[in-house]
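The values are calculated or read from the model by the stated rules, or taken from the named source; none is laboratory data. What you see is a predicted model; the values in this text were computed from it and never measured. With ideal geometry, Cβ positions are generated from the backbone for all residues, glycine too; neighbour counts draw on all protein chains shown. Accessible surface is based on the protein model in full, side chains and every heavy atom, while ligands, DNA and RNA are left aside. Shrake-Rupley method; radii C 1.70, N 1.55, O 1.52, S 1.80 Å.
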Amino acid sequence: MKEEIERIKQNSLEEIAKCKEEKNLNEIKVKYLGKKGELTAVLRGMGKLSPEERPVVGSLVNQVRDELEILIEKKEKEFKKQQIEKKLETENIDVTEPSKRVRLGSIHPITQIIQEVEEIFLGMGYEIADGPEVEKAIYNFDKLNTPPDHPARDLQDTFYITEDIVLRSQTSPVQARVMEKQKPPIKIICPGAVYRSDSVDATHSPVFHQIEGLVVDKNIAMTDLKGTLEMFAKKCLGENTKIRFRPHHFPFTEPSAEADVSCFVCGGKGCRVCKGEGWIELLGCGMVHPNVLENCGIDPEEYSGFAFGFGVERIAMAKFGIEDMRLLFENDVRFLKQF
Ligand code: DAH
């Protein structure tokens, strides 16, 4: 038995010394020290020995096992060290190498205008409302007093998903959605994308952005509308901005108006931006039509309101001096990083 143990010891020591890979070291470990290993087998066979021999052989096996374990551990550490050294050699980092530049984007001019307008109206106590871009025709048109034969409902003008569902052609349907849900007083603005069946050119795009405003309360009058828009124009376009109303027609307001602002580039003298007019057309607005209030469950005898809506691209173009609307949608960073 002692010779057997001695043989095992010699063989294993030799194998460990020759071992060149961590994987093989594991195999050696299993071969000699594992549950079915050679040394373990010796221990199992001790039953056959005399009572005097047993402790002697037992302690010899333990000695050899301890020795093997220490050697194997040492060898394992060696392998680990080699691995690290190899890594350090092959994966060295050149700390003097120039780093890759992180390019920070900028806020899109359309978003900038929306954020600025939101700030101004939040400051006047308005809340920001939201509505779906894929909208029921009933909200986009009917509830807004826009009858089935109105030209805006033509296939040429509006994108239809089905007969009853459209891509909203204006942010005005949010007015109806808010009035149905909320009792007056109502003071909201709603920015968002709208869609029209227009071909692309320097001043048209089938998708663009609007900001809608709605105020409904007791005793709201046209003067409130004018005061609000004047305040907004001064804050957004400059303290000296003047505003003027021209009569107009929208189905959902009565009376309706279009509002112009004095040109904030030339101050009203006439320039390229205002095309020599001195005025820039800004928005549509008016007093909410009693039919609209009624359609949305608000008593027009008790409440009145005003509404307005304007295009964001138009303001962005005038404010930033952008001459072609397409630039706003092409996502060319050379253009965008200027803002
Ligand atoms: N929705 C109108 C448009 O797209 C703009 C508009 C006009 C909105 C008058 C209003 C309003 O709220 O009162 O042309």
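List of remarks:
- In this calculation the C-beta distance from Lys181 to Arg244 is compared with R0 = 41 Å, giving a FRET efficiency of 0.75.
- When the chain is treated as a GNM with alpha-carbon contacts under 10 Å, the residue of Gly278, Gly238, Gly58 showing the greatest mean-square fluctuation is Gly58.
- With every protein chain in place, the chain: carbon and sulfur % of accessible area (1.4 Å): 52
- Ellipticity estimate at 222 nm from DSSP helix runs (n ≥ 4, -39,500 (n - 2.57)) divided over the chain, nearest 500: -13000 deg cm²/dmol
- Cα long-axis angle, helix 222-237 against the chain (0 to 90 degrees, to the nearest 10): 50
- Cα coordinate range in the stretch 2-90, projected on the principal axes (Å, largest first): 59, 18, 17
- Spin-label model, Ser99 to Lys20: label points 7 Å out along the Cα-to-beta-carbon direction sit 4.3 nm apart.
- For the stretch 61-113, the solvent-accessible area works out to 90 Å² per residue, with a probe of 1.4 Å and every protein chain left in place.
- Ligands, DNA and RNA aside, His204 has an accessible area near 80 Å² when probed at 1.4 Å.
- Degrees separating the helix 109-123 axis from the principal Cα axis of the chain, which is the longest one: 70
- Shown for the chain: cysteine residues without a partner Cβ closer than 4.7 Å, namely Cys19, Cys190, Cys236, Cys285, Cys296.
- Taking GluC sites (Glu not before Pro) across the stretch 109-155, the ones in a DSSP loop with at most 16 further Cβ atoms lying within 10 angstrom of their Cβ are Glu133.
- For the stretch 202-310, the solvent-accessible area with a 1.4 angstrom probe is 46 square angstrom per residue.
- Rounded accessible area of Ile84 (nearest 10 Å², 1.4 Å probe): 100
- Summed side-chain charge close to Asp149 - residues other than Asp149 whose Cβ falls under 14 Å, Lys, Arg +1, Asp, Glu -1: -2
- Residues Leu229, Leu43, sorted by accessible area with the largest first, give Leu43, Leu229 [1.4 Å probe; ligands and nucleic acids excluded].
- Of all the options Leu49, Leu104, Leu237, the one that moves most in a Gaussian network model of the chain with Cα springs shorter than 10 angstrom is Leu49.
- The C-alpha atoms of the stretch 109-336 occupy a region whose extents along the principal axes are 47, 40, 28 Å, arranged from largest to smallest.
- Computed E for Val134/Glu73 - FRET, C-beta separation, R0 45 angstrom, nearest 0.05: 0.10
- With respect to the chain, whose longest principal axis is taken over its alpha-carbon atoms, helix 53-90 is tilted by about 40°.
- Solvent-accessible surface (1.4 Å probe) assigned to Ile107 amounts to roughly 80 Å².
- Mean accessible surface per residue for the stretch 142-184, computed with a 1.4 Å probe while every protein chain stays in place, in Å²: 54
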